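So the structure is just underneath, and the comments pick up after that.
The values are calculated or read from the model by the stated rules, or taken from the named source; none is laboratory data. Keep in mind that what you see is a predicted model, and the values were worked out from it rather than measured. Every residue, glycine as well, gets a Cβ built from its backbone with ideal geometry; the counts of neighbours run over all protein chains shown. Accessible surface areas use protein heavy atoms only, side chains included; no ligands, DNA or RNA. Shrake-Rupley method; radii C 1.70, N 1.55, O 1.52, S 1.80 Å.
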Amino acid sequence: YISLTISLGVLTKPDRIPPGEEDRWLRFIENVEKPLENGWFSVKQPDSRALQEGITWEEARAKERDYFAFTSPWSSLDYAQQQQLGTANLTERLSHLLSALITRR
């Protein structure tokens with residue numbers, strides 16, 4: 001039995017943040033609010049309507065990329081913080097962490 005711990009947070013539904021409250025989320029992305037060893041990520045998944053309409057995985061990822069690229073305040077973050085946004089970045093980070101844990105074990 002091997003116990004592995006990864007200290008990483010994921011914030012979902014950034015499109016549901018009430019206007020004016022984005023700064024609170026940015027403090028997580030900056031790893032200032034409740035800092036975690038591997039930081040915080042934010043992802044945007046399809047809503048129930050898009051799922052009912054049969055959105056594909058590729059379409060969902062494209063919409064997520066566009067959301068973070070063109071929606072304030074996400075679009076104005078520096079490069080390092082933008083690496084904390086989106087499913088692709090989260091997946092890549094988790095892959096690196098898992099690989100490192102496997103190597104250590």
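For the chain, which whole-number percentage of the solvent-accessible area (1.4 Å probe, protein heavy atoms only) is attributable to carbon and sulfur atoms?
The nonpolar share, carbon plus sulfur, comes to 51 percent.
In straight Cα distance, which lysines are under 18 Å from Lys44, not counting same-chain residues fewer than 8 positions off?
Lys13, Lys63
Report the FRET efficiency, 1/(1 + (r/R0)^6), for Ser7 and Ser72, where r is their Cβ-Cβ distance and R0 is 35 Å, rounded to 0.05.
Approximately 0.75, to the nearest 0.05.
Can you check what the net charge comes to around Arg27, using other residues whose Cβ is under 14 Å from the Cβ of Arg27 (Lys, Arg +1; Asp, Glu -1)?
Taking every other residue near Arg27 into account, the sum is -3.
Would you mind calculating the relative contact order of the stretch 38-105 from Cα pairs under 8 angstrom and at least 6 residues apart, reporting the percent as a whole number?
40
Scan around Trp40 for amide H atoms under 5 Å from its own, H built in the peptide plane at 1.01 Å from N, and keep only partners 5 or more places away or cross-chain.
The answer is Gly9, Asn31.
List the pair-distance distribution P(r) of the chain, using every Cα-Cα distance, as the percent of pairs falling in each 10 Å bin from 0 up to the bin containing the longest distance, rounded to whole percents.
Spelled out bin by bin, the chain gives 13, 42, 30, 13, 1 percent.
Per residue, how large is the accessible surface of the stretch 15-96? Use a 1.4 angstrom probe and give square angstrom.
Accessible area per residue: 67 Å².
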